[in-house]
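The values are calculated or read from the model by the stated rules, or taken from the named source; none is laboratory data. Because the structure is predicted, anything quoted here is derived from the model rather than measured. Because the Cβ atoms are built from the backbone with ideal geometry, glycine has one as well, and the counts that use them run over all protein chains shown.
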Amino acid sequence: MNEKKAPLPTRQMHVEAIFVRALLAIFRRIGPVRASNLGGWLCRTVGPRLPVSRIADANLRMAMPELDGGMRRAVIREMWDNIGRNAGEFPHLSTLPHNPVDGPGWDVVGEEYLHAQAARGGPTIFVSGHIGNWEMLPPAVARYGLPFSSFYRAPNNPLVDRILCDLRDQAMGQPVPLFAKGARGARGALAHILKGGHLGMLVDQKMNDGVPARFFGLPAMTAGAMAAMAIKLRCPVIPGYVERLGPARLRIHVHPPIDLPDAGERNQDQMDLTQMVNDWIESTIRQKPGSWLWLHRRWNRQMPR
């Protein structure tokens, strides 16, 4: 039986790809700081007025009920500013300097954990969320000899997908396999990590076929693949996130490997590890709520359409 061919790009897809290439060319031409500022201004000006911001407001009402309306609006505006800055910085990730004395670039807090894991060898799972400029995490970790593959949800436009994948490979300094979300991708990721590969996972989105964990004290279906692989292989799980210090100025925080549960019952160990990671992500978001992407329909409650 022949495999089903992917549909050919439509005229609209070509127009979208031209727009994305043009926008990225502008960002690249004006330099990382001005690109970050431009992207931030555009998104914080337009984003809060978009209907999708109602999802962010509803999420904040549920997760952080202590915030009043003005506080929620400030968080949403900061979130949009961060989204725009991420877009402006995206074409510059491969050239941002490591440990800059001043100005744009990135540094690492907790790099001793990366050095230790690179020396130890073997499979590794890195966990994070959509915090700060999360796109900087893979190329930064790769500089320490730990390039990791990721689960991936491709854009609907295959031309735009190719543009973004090429930029990610350029930032990493090498092509790395990406795994589609779902059962097939999970099998590919497991095979990759069984060979001693490294895997990065953003585990802060709702996964309808995941496990019933809690997030901000509320029921939240959470991807279970990370915990299943970690408990099965007893491989290190290293949390980390990217803090925004300013325009194109980023700090990667790497935490020590999580102590894996070992109660002797695999399902319970997996559930415990999933909850531990959710709790860590929550505590990180609470430090600076505007750094997180509140636009996901994360919780098991009815959300605005």
- Message: So, in segment 66-85, exactly how many residues are farther than 22 Å from Ala35 by Cβ and either assigned to a helix (DSSP H, G or I) or among the polar types (S, T, N, Q) (or both)?
- Response: 8
- Message: Against the definition (surrounded by fewer than 20 Cβ atoms within 10 Å (Cβ to Cβ), touching a helix residue (DSSP H, G or I) at 6+ places or on another chain (Cβ under 6 Å) and at pLDDT 90 or above), how does Ala142 come out, yes or no?
- Response: yes
- Item | Any pair with Cβ under 6 angstrom, 6 or more apart, that starts in segment 94-116 at a residue that is loosely packed, with under 14 Cβ neighbours inside 10 Å and ends at one that is at pLDDT 95 or above | Pro97/Gly105; Asn99/Asp107; Val109/His253
- Would you point out the residue of segment 216-236, among those that are in contact with a strand residue (DSSP E or B) (Cβ under 7 Å, 6 or more places away or on another chain) and closer than 24 Å to Trp294 by Cβ, that is surrounded by the most Cβ atoms within 10 Å (Cβ to Cβ)? Thr222
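Out of Ala263, Ala230, which single residue is aliphatic (A, V, I, L, M) and either at positive phi or in a helix (DSSP H, G or I) (or both)? Walk me through how you get there before you give the answer.
Working: Ala263 fails: either at positive phi or in a helix (DSSP H, G or I) (or both).
None of the others qualify; the one that does is Ala230.
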- Taking segment 173-201 and the residues there that are modelled with pLDDT of 85 or more and within 16 Å of the chain's Cα centre (by Cα), the one that is surrounded by the most Cβ atoms within 10 Å (Cβ to Cβ) would be His198
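Out of all the residues in segment 109-117, is one or more touching a strand residue (DSSP E or B) at 6+ places or on another chain (Cβ under 7 Å) and of a type in the set (Asp, Glu)? Let's see the steps before the verdict.
So the first thing to find is which residues in segment 109-117 are touching a strand residue (DSSP E or B) at 6+ places or on another chain (Cβ under 7 Å), and the list is 109-111, 113-114, 117.
Okay, now just the ones that are also of a type in the set (Asp, Glu), so 111.
Yes: one or more hits.
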- Note on the structure: From the option list Gln268, Gln275, single residue qualifying as in a helix (DSSP H, G or I), touching a residue at least 60 places away in the same chain (Cβ under 8 Å) and not hydroxyl-bearing (Ser, Thr, Tyr) is Gln275
